[in-house]
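Asker: Have a look at this one before I ask anything.
The values are calculated or read from the model by the stated rules, or taken from the named source; none is laboratory data. All of these numbers come straight from a predicted model, not from anything done at the bench. No Cβ is skipped: glycine too gets one built from the backbone with ideal geometry, and neighbour counts run over all protein chains shown.
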Amino acid sequence: MASKTVFNPISAPDYLPQEQLKELQVIRLRQRVSEAYEKVPFFRAKMEALKVVPGDIQKIEDIAKLPFSVKKDLRDTYPFGLFAEPMNRVVRVHASSGTTGKPIVVGYNQRDIDVWKEVIVRGLVSAGLGPDDVIQVSYGYGLFTGGLGLHYGAEALGATVVPASGGNTHRQIMLMKDFGVTAICCTPSYFIHLIDKAQSMGVDMKTLSLRFGIFGAEPWTQEMRRYIEAHTAIKALDIYGLSEIIGPGVAMECAAQDGSHIFEDHFYPEIINPDTGEVLPDGEEGELVLTTLSKEAMPMIRYRTRDITSLNSERCSCGRTLRRIKRITSRSDDMFIIRGVNVFPSQIETALLSIEGTLPHYQIILRRENNLDTLEVQVEINAQLASDTVSGITALEKRIAKNLEQIVGIHAIIKLVQPETLQRSEGKIQRVSDLRNLNPIS
Amino acid sequence: MKLKQLSLVIPNEPGALVRVCEVLKKNSVNISTLTLADTANFGILRLIIQEWEEGLKALEDDGLVVKVSDVLAISIPHVPGGLLKILELLNENRINVEYMYGFSLSTRERSVQIFRLDDTDRAIEVLEQAEVYLLDPDELFQKE
């Protein structure tokens with residue numbers, strides 16, 4: 001093992017040979033499928049529609065025979081329709097905000113909570129964290145899985161947890177400074193906001209004891225990582241997860257920063273062609289589909305995450321045998337189509353961050369005027385790029401528009417706005433607001 | 001000799017100017033003069049404030065991005081060709097006027113114009129040599 005990190009017994013499955021891992025996966029898969037078939041009418045109906053029975057699952061590849069599930073299934077069965085256990089076994093529920101109407105609800109029994117803690121411990125260990133660390137959890141605490149998920153994981157690691165929750169930026173920086181915080185967990189966009197705020201408070205992030213950032217809950221780019229690492233003394237690591245599967249901790253980046261290890265003994269990953277549903281081989285890019293192998297209170301079978309990535313089965317330099325997913329910079333559902341062009345917000349981000357004096361805060365507004373779609377990008381200005389002349393500001397807008405057009409391929413209206421004009425949440429950031437009315441009454 | 005000017009990029013929409021003025025009022029900061037340049041998308045508000053450091057702090061504390069620039073306050077006699085003389089001097093020395101605007105404290109005999117130049121230091125040199133009357137902050141803000 002090339003890893004310099006302290007070996008933690010809980011991390012043993014990280015080093016299982018692939019063949020052994022497959023054996024474990026198939027045993028667990030068969031058990032979960034039987035339970036789902038017996039206890040969740042929704043899954044049974046779906047399997048019956050495909051004429052599949054639990055006995056058809058003999059080897060891990062047989063998973064492809066099972067039906068997919070999607071976010072809409074959780075909404076349709078709101079609130080507890082997918083639970084496989086009675087409520088007296090369920091010890092916790094979480095809910096995430098759906099795009100429309102009711103939230104989606106997930107449930108855990110005590111064993112599920114323990115699995116969740118375990119994967120976060122394994123992730124934090126792989127990053128190089130241990131009991132000596134002081135971890136500030138700045139994800140929102142509450143129905144959102146981010147706060148409590150990392151809280152209990154960090155506590156199980158034996159670290160000192162500072163449960164700051166989201167918001168109150170001024171206090172976040174004070175805590176980091178005064179408590180000797182060594183790691184922070186939050187969304188990458190919120191951390192960039194903290195960097196800005198620290199600057200205006202006269203706090204040099206580089207002089208703090210902060211060494212790690214565990215960032216997730218929204219897609220971010222390599223350019224954002226570079227920006228964060230250039231402005232602080234931290235290693236910025238990606239944590240991946242979604243409430244439907246467990247919350248943060250489905251996968252996490254190790255210190256090698258070369259993709260996130262999926263905790264495959266608990267979550268079975270597949271990559272599919274999002275259009276045909278066909279399973280793709282390792283290395284090919286497609287939509288990530290996850291099956292929970294251990295979760296009892298609410299099993300998920302072949303859940304379509306809408307996240308676009310690929311699986312890397314090569315051995316990581318850290319020694320872990322777990323496959324890695326490539327950084328997720330796009331979701332098949334935050335992609336928008338404008339004038340026939342597919343655009344991912346991450347492309348717009350790349351264009352903005354390629355301008356010196358970087359502008360990481362932006363919002364995309366889509367409008368339809370006289371049957372023509374317009375793309376407006378509102379960008380927060382900063383002191384470095386501000387100008388007191390009209391020509392200076394116009395030149396900056398033109399420069400941004402040109403960069404954007406080169407990367408995205410369409411012309412955008414750039415609007416520079418004052419900081420904090422844009423909606424900034426402590427949870428997931430809403431980058432795109434689509435104001436196009438596609439069915440105008442004429 | 002040099003004067004500090006604060007400028008802000010603000011959206012060209014109702015309420016944008018109100019926010020700035022409210023912040024300054026709340027912090028008891030008085031605006032001596034201002035000018036607003038506008039385009040279809042945005043405006044640039046430029047402010048001359050005696051206690052510019054307090055003004056800057058108040059605006060920044062409110063989350064606004066403020067740019068500080070050096071400008072000159074030039075006293076110009078109210079006679080035909082008064083401004084021309086200054087402009088010729090600058091032109092001869094290849095100093096470009098980015099923009100200029102009147103200062104509100106002017107008298108019957110002379111007017112005060114605020115100049116934003118591409119080379120402030122050289123402009124001071126050139127103008128002083130020609131005995132052009134440059135106001136320093138103390139003189140400018142003196143209440144008569």
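Asker: Restricting the range A:393-414 to residues that are facing another protein chain (nearest Cβ under 9 Å) and not aliphatic (A, V, I, L, M), which is nearest to the chain's Cα centre (by Cα)? Lay out the reasoning, then the answer.
Answerer: Just the residues of the range A:393-414 that are facing another protein chain (nearest Cβ under 9 Å), to begin with: A:393-394, A:397, A:413-414.
Applying the additional criterion that residues be not aliphatic (A, V, I, L, M) yields A:394, A:397.
Details: A:THR394: 36, A:GLU397: 31 Å.
The residue in question is A:GLU397.
Asker: Could you please find all residues in the range A:216-229 being at pLDDT below 95 and either more than 30 Å from A:TYR303 (Cα to Cα) or part of a strand (DSSP E or B) (or both)? Before the answer, list the steps.
Answerer: So the first thing to find is which residues in the range A:216-229 are at pLDDT below 95, and the list is A:216-228.
Matches in the range A:216-229: A:ARG226, A:TYR227, A:ILE228.
Asker: Same structure again: Mind counting the residues in the range B:73-99 that are of a type in the set (S, T, N, Q) and exposed (fewer than 13 other Cβ atoms within 10 Å of the Cβ)? First the steps, then the outcome.
Answerer: Step one: filter the range B:73-99 for residues of a type in the set (S, T, N, Q), giving B:75, B:91, B:93, B:96.
From the residues that got through so far, the ones that are exposed (fewer than 13 other Cβ atoms within 10 Å of the Cβ) too are B:91, B:96.
The qualifying residues number 2.
Matching residues to (1) over 28 Å from A:ILE195 (Cβ atoms); (2) touching a helix residue (DSSP H, G or I) at 6+ places or on another chain (Cβ under 9 Å):
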site: A:LEU322; (1), (2): yes, yes
site: A:LYS326; (1), (2): no, no
site: A:ARG339; (1), (2): yes, no
site: A:ILE365; (1), (2): no, no
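Asker: Of the residues B:GLY55, B:GLY15, which is surrounded by fewer than 17 Cβ atoms within 10 Å (Cβ to Cβ) and either within 17 Å of B:GLN142 (Cα to Cα) or away from every other protein chain (no Cβ under 11 Å) (or both)? I'd like the intermediate steps shown before the answer.
Answerer: Values: B:GLY55 fails: surrounded by fewer than 17 Cβ atoms within 10 Å (Cβ to Cβ).
Criteria check complete, one pass: B:GLY15.
Asker: Say whether the condition of being part of a strand (DSSP E or B), more than 22 Å from A:GLY241 (Cα to Cα), in contact with a strand residue (DSSP E or B) (Cβ under 8 Å, 6 or more places away or on another chain) and in the same structural domain as A:HIS94 (by TED's automatic domain parsing) is met by at least one residue in the range A:151-165. Lay out the reasoning, then the answer.
Answerer: Going through the range A:151-165, the residues part of a strand (DSSP E or B) turn out to be A:160-162.
Pick out the ones that are also more than 22 Å from A:GLY241 (Cα to Cα) and you get A:160.
Narrowing the set further to residues that are in contact with a strand residue (DSSP E or B) (Cβ under 8 Å, 6 or more places away or on another chain) leaves A:160.
Then keep just the ones that are in the same structural domain as A:HIS94 (by TED's automatic domain parsing); that gives A:160.
Yes, the conditions are met somewhere in the range A:151-165.
Asker: Criterion first (surrounded by fewer than 18 Cβ atoms within 10 Å (Cβ to Cβ), at the interface with another protein chain (Cβ under 9 Å from one of its Cβ atoms), over 30 Å from B:TYR133 (Cβ atoms) and not small (Gly, Ala, Ser)) does B:GLU60 satisfy it? Steps first, please.
Answerer: Values: surrounded by fewer than 18 Cβ atoms within 10 Å (Cβ to Cβ): yes; at the interface with another protein chain (Cβ under 9 Å from one of its Cβ atoms): yes; over 30 Å from B:TYR133 (Cβ atoms): yes; not small (Gly, Ala, Ser): yes.
When the stated conditions are applied, B:GLU60 passes them.
Asker: With B:VAL29, B:VAL68, B:VAL9, B:VAL23 as the choices, which residue is in contact with a helix residue (DSSP H, G or I) (Cβ under 7 Å, 6 or more places away or on another chain) and part of a loop (DSSP other than H, G, I, E, B)?
Answerer: On inspection, the qualifying residue turns out to be B:VAL29.
Asker: Still on this structure, I have one more. Does the range A:32-88 hold any residues that are crowded, with 17+ Cβ neighbours inside 10 Å, charged (D, E, K, R) and within 22 Å of A:ARG111 (Cβ to Cβ), and which are they?
Answerer: A:ARG32, A:GLU35, A:GLU85
Asker: Search the range A:116-142 for residues that are on the phi > 0 side of the Ramachandran plot and pair each with any residue that is basic (Lys, Arg) when their beta-carbon atoms are under 8 Å apart and the residues are at least 6 apart or on different chains.
Answerer: A:GLY128/A:LYS4; A:GLY128/A:LYS235
Asker: Could you list, in sequence order, all residues of the range A:311-356 that are under 30 Å from A:ARG30 (Cβ atoms), of a type outside the set (A, V, I, L, M) and buried (at least 19 other Cβ atoms within 10 Å of the Cβ)?
Answerer: A:CYS316, A:ARG320, A:ARG323, A:ARG324
Asker: If you don't mind, another one. Within the range B:86-100, is there a residue that is modelled with pLDDT under 90, touching a strand residue (DSSP E or B) at 6+ places or on another chain (Cβ under 8 Å) and hydroxyl-bearing (Ser, Thr, Tyr)?
Answerer: So in the range B:86-100, the residues modelled with pLDDT under 90 come out as none.
No - not one qualifying residue is present in the range B:86-100.
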